[in-house]
Each structure stands twice: as structure tokens, then as C-alpha cells.
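Trainee: Below you will find the structure I want to go over with you.
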Amino acid sequence: MKYLKLKSIVFGLLIFNSCAKSDQFEANYEPIPLQVEKPSNFPDIEYTIENNPVTDAGFELGKKLFYEGKLSANNAIACAFCHEQAFAFTHHGHTLSHGVNDGIGFRNAQPMQNLAYQREFMWDGASTHLDLQPIIPISSELEMGETLSNIVAKLAAMPQYQKDFKRAFNGQGVTSENMLKALSQFMVMMVSANSKYDKFVRNEDNVVLTQIEQDGLNSFTTNCASCHATDLFTDQTYRNTGLPVNPQLNDKGRYNLGQNPADLYKFKVPSLRNVEKSYPYMHDGRFTTLEAVLDFYDSNIQGNSGTVDNALLRADGSYGINLTTYQKESIIAFLKTLTDYEFLEDERFAEF
Amino acid sequence: MKQLKYTLVLLLCAIISSCSSDNDATTENLTGQKGSIALKFDNGVGDQNFAFNTTYQKSNNESFQLTTDLKYIISNVRFKDQNGNEFAVPEGNNMFIIDQDDANNAGEIFLNLDNINAANYTEITFGIGVDQDKYTQGATGQGNFLTLAQDKGMFWSWASGYKFVRLDGIYTDATTTNGALAVHMGSVGTSLDNYKEVTLTLPNTVLVRTNKSPEIHIKADILKIFDGETSVNFADGYNQVHTDATETPIIAVNMQNMFTVHHVHND
């Protein structure tokens, strides 16, 4: 009898102890703040970090969600399906991305990098906040075909996610707000600023450009930097570059937003960081090589029924940027100095 | 003499009671008291009640019926009391979707607002849609409203933005019979702000107390969306209103003027 009592006390203590331990673990968890990198050659951050401060737990949750198929209707298409790290988070091998049920989208997946520094998102700027951008691929029938409420239900049914959300959001559960904030915490950390070019302009590690790279940079500054401006290589405006319209898609670009005729066939000036890896090029992925892009600027701007950007107007009234063979070669050599292997191989962003 | 006595007593009574009721209004201590207010939204078309699949006439010999959706977003609800003090419904619970599908058999859609400071309110203000401040905060402060909005089809799938109003049905004009009618107006990113606020004077004072839950009956005249400040015609493209920079602000202003407070119940 006495023995039994003792045994049950010991047992009770054990239970008590183990409970206390796991609770303690959660209660004692102090989120570790993470800093979004601010390279000295970059403009200011646009994302309001104060509204969604990045922590290790929030970032890890965001990464898990980014690689989570459950965000789609068939539980198979994760964000990473179309945004692969090795290709600057683009959909490798696809001109137009495809998603659930093999639906083909209308556009070429954009690279994901330096998103904290962008004001607007998508080729036409249809999204004005990084937190809300993911709702578009999630709800698109051609991409993930899912609803926020289904995702919240699916995740809330998984005990591990409940724990992850509590850790990341101060004891709060799975909500669409927290899910989107976690994704943003992951995305704002994706800063690409350690290419050869960056080290060169910041005078780091004694990096110098070769002659052809330097010549390319000079030609680029004269001919391209009015649109591909700052060290983000985009002025974040929308421009009509005179790409002939693909009649099958008839993608009117920014015009779709407000039906303003002045916006016809305007697309966002893309950043050229990691451009060597993010092929194919343009909003519909029509060019597979940088050579084709430069030939286009030099001699293939045919125009469209919108108004082609003035920056591309030659003195004789035709459109294009005159480039010699050497200028093209050197510009391409320069563009390759924008490849940031540290970013493309950064394990913090990798699935495994 | 006896009569005089009675009169005096009566007079005294009257004075006392009037005094005490005066006291009530000026010195009743309401600090810390919370109550609730129910807003009762009641959609109509001109002088008729609204019903789905019913044809309504508008100007220019055009007609319409809504078949599936009549919804709009209400936010930033606040009240002004008799002394001019404003009380805003607490953040985090101040965005709502008025959805005809949620109406009771009398066609009324109730919106219950709790945690309202006790006061004597004379004015109500609310927004139609989501303001830019809130919108530019992204997911912050949205809680599960994004989920609700998406479930109710009030969030675009191709752009990240709310539809402030959603009317879906069919219309008939001189050249088209039963064409598709869709008015999905909202702000377009940060470049086009269609958020509008409405301020309505309450016909009698709304008394909020811990033990009093008054009701404000708000009528919305859906016809005004087409025949309001500006009359618009389906024949001119208003059968499909989405993000157009000229059409949507006209619809937004028309909606701003479609609400009236019909009456108030103080229970």
C-alpha cells in the first residue's frame, strides 16, 4: 500500500515535471530579432518593418510556408515550385509558369530578391504590398487555386504548425494575417547584394572588374541606367519597350489596372540582378538569352499600338538603342557580374 | 386650502422630478461604462424593398436585377456624442461586410458593435471600403478579415485589393437584354483611392448604457449607385465596373450618398 502510494507520487511528479518542462520551453522562448540587410549601395527599405518585425521563429515559419504544398488546392504546388532558388527564385525552364491542374499562367515568374526594397510587385504592379502579394498566386486558378480559409484550416489541423505560429506570433494562432506576415518575414530577408559588382562598388575584398566588364558597365550607364536605375537596377516604373504583342496572350500590362490608355503595354522595369540565371526574359519569357535581349534593343523594337518609351526613341524617329557587337558583348559581361552566388546558394533560403 | 396643499405637493413633486432628471443628464457618471449598438442595414431600391431576381427600373429606360451578390464593406465606424466627443469602434473589429445573403427574413442585416463607450450619441460616421492607411499596412491589423473577404468574393484574385462593393446580376437596355451586370468597385493599389466616408445625423439621440442596447436602422438605396449624384447608364459601360479610373470614383460618390438613418430604437 505504502509502496503503491509512493509509486503514484513518483509517477505524478514525473508527469508534472514533464509538463512543466515543455510549457517552460514555450514560455521561455524569446524571439531572436533578425535584421534585414541594408547594403550601403542600396536605396532605402520600402517595407514597414515596424509593423512586422522579423524574428528567427517568424522567418523559419515563413520559409516552411514557402516550401509548403498545402498552400495549394492539390497540396502539391508550393510557392517554391515556381520560384526556385538556383535560378534567382524563378520558374526554371518555363516561359510561362504553370500551376495546379497544369494550368498555364500568363506570365514569366519574376525573380524574388530585394523585395523589401520594392514599392510594388508583379509585372504590372497589381500588388502594392508584399504582405498581400501571395494572395494572388494562392487564389489564382492557374497557380495554387486555394482559398485563405482552407489554408488556415489545413494548417490549424497540424499541431506542429500551431506551435510554430504561437512561437512566431506571441502565442497567437493560425490566422491569415499571421500566415502572410510569416511569408513576408521570409521574403524581406532575401537580400541579394554580394555579387562581384557589389563588392567592386563597395571596395570590398579588392575586387576589380576586368576591362570588358568595365567597358560594359560604362555602356550600360549610358544606354540602360535611365530605366534600370540605382543598384537595384530598376527605377520601379512601368514602361512600354515596344515589344511586339503576343496575340495569343494580348497581355496589356499595367493597362489592366486602371484601363488608362497611357498604360497600354507598360511593364515594370525588372531588376537585372542575377539576370544571368533568371532566363527566360521579359514578362512572357520570349527571349532565352541575353544576346537576344540586346539584339532586341539594338534592332528589333517593332513597336505596338501603345506609346513606346521616349528613352528608346532615336534621333531619326525610329526606336532602338544603337549597340556595336563589342558593346553587346561587354554589357553581357557586365550583367554577369551581377550574379550573386552567395545569395543563390544561401542555406537560409534553401529547402533543405 | 386642501386644494392648495395638493397643488403644492404636486408642484414640489414636479420640481423634484424635473431636477433629478436634469441631474441625470449632466452628472450621470458614464466613465468606464460600456454598452453596445446594433446597426441594422436595410437595402432597398427606391421605395421598394430589395430582393434578388427582381427587376428594378432605373433612368434612361434601363432595368436591372441582381441575381447572386449584393455586398459592401463598411469600416471605421465611429460616433459623436452631444458634446462633440468622438468614439471609434475599437480597431481590429471595425471592418465588416454587409452581405444581403446574411439578411433575416425581413431583409435586415445586423451588425452588432460591442464595447461602445456609454454616451448620448447624435451622429454616426462610417467608411465604405478600406482606407489607404489600413491598406498600406499590408496584413497588419487585418486579422482574419482577409479570409472573410476572400470567402465572400470581396478580394480580387488578380490584384491585391478589396472590392468595396459587389453587385452581380443582369441588365437590360435599348440594345441588350439580360446582359451581364457586375459592379466590383474598389481602390486600385495606392494609385486610385475610392474609399469614402458617410456622416449621418441621428434623428434622435442614441443612449448607450451598460443596460441599454440601442438600434440604428440604416437604409441603403441601391438605386442611387446608378441614379445618384451622377446618373450612369449601362449603355455607356456601367454594366461592367471594375478598376476604371473614371467609372469607379463616380460609383464611389454615388454610394456615399445612398445611406439614410430611418430611425433609432432606444430600448
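The values are calculated or read from the model by the stated rules, or taken from the named source; none is laboratory data. What you see is a predicted model; the values in this text were computed from it and never measured. Cβ atoms come from the backbone with ideal geometry, glycine included; neighbour counts cover every protein chain shown.
Trainee: Filtering segment A:238-276 down to residues that are more than 14 Å from every other protein chain (Cβ to nearest Cβ) and without any contact (Cβ under 8 Å) to a residue 40 or more places away in the chain, which residue is surrounded by the fewest Cβ atoms within 10 Å (Cβ to Cβ)?
Mentor: A:Pro247
Trainee: Among the candidates A:Gln172, A:Gln160, A:Gln113, single out the residue that is under 18 Å from the mean Cα position of the chain (by Cα), not assigned by TED's automatic domain parsing to the domain that holds A:Asp231 and not acidic (Asp, Glu).
Mentor: On the way: A:Gln172 fails: under 18 Å from the mean Cα position of the chain (by Cα); A:Gln160 fails: under 18 Å from the mean Cα position of the chain (by Cα).
After ruling out the rest, the residue left standing is A:Gln113.
Trainee: Within segment A:105-138, track down each residue that is outside any loop (DSSP other than H, G, I, E, B) and either over 20 Å from A:Gly69 (Cα atoms) or at pLDDT below 90 (or both). Let's see the steps before the verdict.
Mentor: Applying the first criterion (outside any loop (DSSP other than H, G, I, E, B)) to segment A:105-138 yields A:115-117, A:121, A:127, A:135-138.
Result: A:Leu115, A:Ala116, A:Tyr117, A:Phe121, A:Ser127.
Trainee: Among (1) assigned to a strand (DSSP E or B); (2) closer than 30 Å to B:Gly141 by Cα, which single condition is B:Leu30 missing?
Mentor: The failed condition is (1).
Trainee: To continue, here is another question. Quick test for you: out of A:Glu177, A:Glu141, pick the one residue that is among the acidic types (Asp, Glu) and part of a loop (DSSP other than H, G, I, E, B).
Mentor: Details: A:Glu177 fails: part of a loop (DSSP other than H, G, I, E, B).
Being among the acidic types (Asp, Glu) and part of a loop (DSSP other than H, G, I, E, B) holds for just one of A:Glu177, A:Glu141, which is A:Glu141.
Trainee: Of everything in segment A:321-332, what is farther than 10 Å from A:Leu290 by Cβ and crowded, with 18+ Cβ neighbours inside 10 Å? Give them in sequence order.
Mentor: A:Ile321, A:Leu323, A:Gln327, A:Ser330
Trainee: In segment A:50-63, how many residues are touching a helix residue (DSSP H, G or I) at 6+ places or on another chain (Cβ under 7 Å) and either part of a helix (DSSP H, G or I) or within 14 Å of chain B (Cβ to nearest Cβ) (or both)? Can you show your working first?
Mentor: Of all residues in segment A:50-63, those touching a helix residue (DSSP H, G or I) at 6+ places or on another chain (Cβ under 7 Å) come to A:52, A:54-55, A:57-59, A:61-63.
Restricting the remaining residues to those that are either part of a helix (DSSP H, G or I) or within 14 Å of chain B (Cβ to nearest Cβ) (or both) gives A:52, A:54, A:57-59, A:61-63.
Looking only at that region, the number is 8.
Trainee: Separate question: Given the criteria crowded, with 16+ Cβ neighbours inside 10 Å, in the same structural domain as B:Tyr121 (by TED's automatic domain parsing) and either farther than 30 Å from A:Asn178 by Cβ or modelled with pLDDT of 95 or more (or both), does B:Asn76 qualify? It would help to see each step written out before you state the result.
Mentor: Working: crowded, with 16+ Cβ neighbours inside 10 Å: yes; in the same structural domain as B:Tyr121 (by TED's automatic domain parsing): yes; either farther than 30 Å from A:Asn178 by Cβ or modelled with pLDDT of 95 or more (or both): yes.
So B:Asn76 fits the description; yes.
Trainee: Among the residues of segment A:310-319, is there at least one that is aliphatic (A, V, I, L, M) and in a loop (DSSP other than H, G, I, E, B)? Reasoning before the result, please.
Mentor: At the first step, the residues of segment A:310-319 found to be aliphatic (A, V, I, L, M) are A:311-313, A:315.
From what is left, the residues that are in a loop (DSSP other than H, G, I, E, B) are A:315.
The answer is yes; a qualifying residue exists.
Trainee: Which of the residues that make up segment B:126-154 are more than 9 Å from every other protein chain (Cβ to nearest Cβ) and over 22 Å from B:Leu192 (Cα atoms)?
Mentor: Across segment B:126-154, the qualifying residue is only B:Lys152.
Trainee: On to the next question. Let me spell it out: the conditions are (1) among the hydroxyl-bearing types (Ser, Thr, Tyr); (2) in contact with a Lys or Arg (Cβ under 7 Å, 6 or more places away or on another chain); (3) within 13 Å of chain B (Cβ to nearest Cβ), and A:Ser176 meets all of them except one. Which number is the exception?
Mentor: (2)
Trainee: Just to be sure I understand the filter: pairs with C-beta atoms under 8 Å, separated by 6 or more residues or on different chains, first member in segment B:131-144 and assigned by TED's automatic domain parsing to the domain that holds B:Val77, second member assigned to a loop (DSSP other than H, G, I, E, B) and small (Gly, Ala, Ser). Which pairs pass?
Mentor: Correct list of pairs: B:Gln132/B:Ser187; B:Lys134/B:Gly141; B:Tyr135/B:Gly161; B:Tyr135/B:Ser187; B:Gly141/B:Gly92; B:Gly143/B:Gly92.
Trainee: Follow-up. Any idea which of (1) touching a strand residue (DSSP E or B) at 6+ places or on another chain (Cβ under 6 Å); (2) more than 29 Å from B:Asn204 (Cβ to Cβ) is the one B:Asp99 doesn't satisfy?
Mentor: Going through (1) touching a strand residue (DSSP E or B) at 6+ places or on another chain (Cβ under 6 Å); (2) more than 29 Å from B:Asn204 (Cβ to Cβ) one by one, B:Asp99 breaks only (2).
Trainee: Separate question: If you take the residues of segment B:107-134 that are in a strand (DSSP E or B) and among the small types (Gly, Ala, Ser), which of them is farthest from the chain's Cα centre (by Cα)? Show your work before the answer.
Mentor: Filtering segment B:107-134 for residues in a strand (DSSP E or B) gives B:108-117, B:119-128.
Those still in the list that are among the small types (Gly, Ala, Ser) too: B:119, B:127.
On the way: B:Ala119: 20, B:Gly127: 8 Å.
Per the stated criteria, the residue is B:Ala119.
Trainee: Filter segment B:172-191 down to residues that are out of contact with any Ser or Thr (no Cβ under 7 Å at 6 or more places or on another chain) and not in a loop (DSSP other than H, G, I, E, B) and give me whichever is surrounded by the most Cβ atoms within 10 Å (Cβ to Cβ). Give the derivation first.
Mentor: The initial filter retains those residues of segment B:172-191 that are out of contact with any Ser or Thr (no Cβ under 7 Å at 6 or more places or on another chain), namely B:173-177, B:179-184, B:186-187, B:191.
The next check asks that each one be not in a loop (DSSP other than H, G, I, E, B); those that pass are B:179-184.
Details: B:Gly179: 14, B:Ala180: 12, B:Leu181: 22, B:Ala182: 16, B:Val183: 25, B:His184: 21.
The extreme case among them is B:Val183.
Trainee: Filtering segment A:241-265 down to residues that are out of contact with any Leu (no Cβ under 7 Å at 6 or more places or on another chain) and polar (S, T, N, Q), which residue is nearest to A:Ile332 (Cα to Cα)?
Mentor: So the residue we want is A:Asn246.
Trainee: Further, regarding this structure: Any chance you could count how many residues in segment A:125-137 are more than 7 Å from every other protein chain (Cβ to nearest Cβ) and in contact with a Leu (Cβ under 6 Å, 6 or more places away or on another chain)?
Mentor: The qualifying residues number 1.
Trainee: Which one of these does A:Glu120 not meet: (1) among the acidic types (Asp, Glu); (2) touching a helix residue (DSSP H, G or I) at 6+ places or on another chain (Cβ under 7 Å); (3) at the interface with another protein chain (Cβ under 8 Å from one of its Cβ atoms)?
Mentor: All conditions pass for A:Glu120, except number (2).
Trainee: Given (1) small (Gly, Ala, Ser); (2) assigned to a helix (DSSP H, G or I); (3) touching an Asp or Glu at 6+ places or on another chain (Cβ under 9 Å), identify the lone condition not met by A:Ala262.
Mentor: (3)
Trainee: Please go through segment A:201-233 and give me each residue that is β-branched (Val, Ile, Thr) and either in a helix (DSSP H, G or I) or outside the structural domain of A:Gly320 (by TED's automatic domain parsing) (or both), ordered by number. Even if it seems obvious, please write down each step before you answer.
Mentor: Here is the first cut: in segment A:201-233, the ones β-branched (Val, Ile, Thr) are A:201, A:207-208, A:210, A:212, A:221-222, A:230.
The answer is A:Val201, A:Ile212, A:Thr221, A:Thr222.
Trainee: Write out, first by first residue and then by second, each pair whose Cβ atoms fall under 6 Å of each other, whose residues are 6+ apart or on separate chains, and whose first residue, in segment A:156-181, is basic (Lys, Arg) while the second is at pLDDT 95 or above and part of a loop (DSSP other than H, G, I, E, B).
Mentor: From residues that are basic (Lys, Arg), the pairs are A:Lys181/A:Asn52.
Trainee: Quick check on segment B:153-166. Is at least one of its residues over 30 Å from B:Asn266 (Cβ atoms), buried (at least 22 other Cβ atoms within 10 Å of the Cβ) and of a type in the set (Lys, Arg)?
Mentor: Yes, segment B:153-166 contains a residue that is over 30 Å from B:Asn266 (Cβ atoms), buried (at least 22 other Cβ atoms within 10 Å of the Cβ) and of a type in the set (Lys, Arg).
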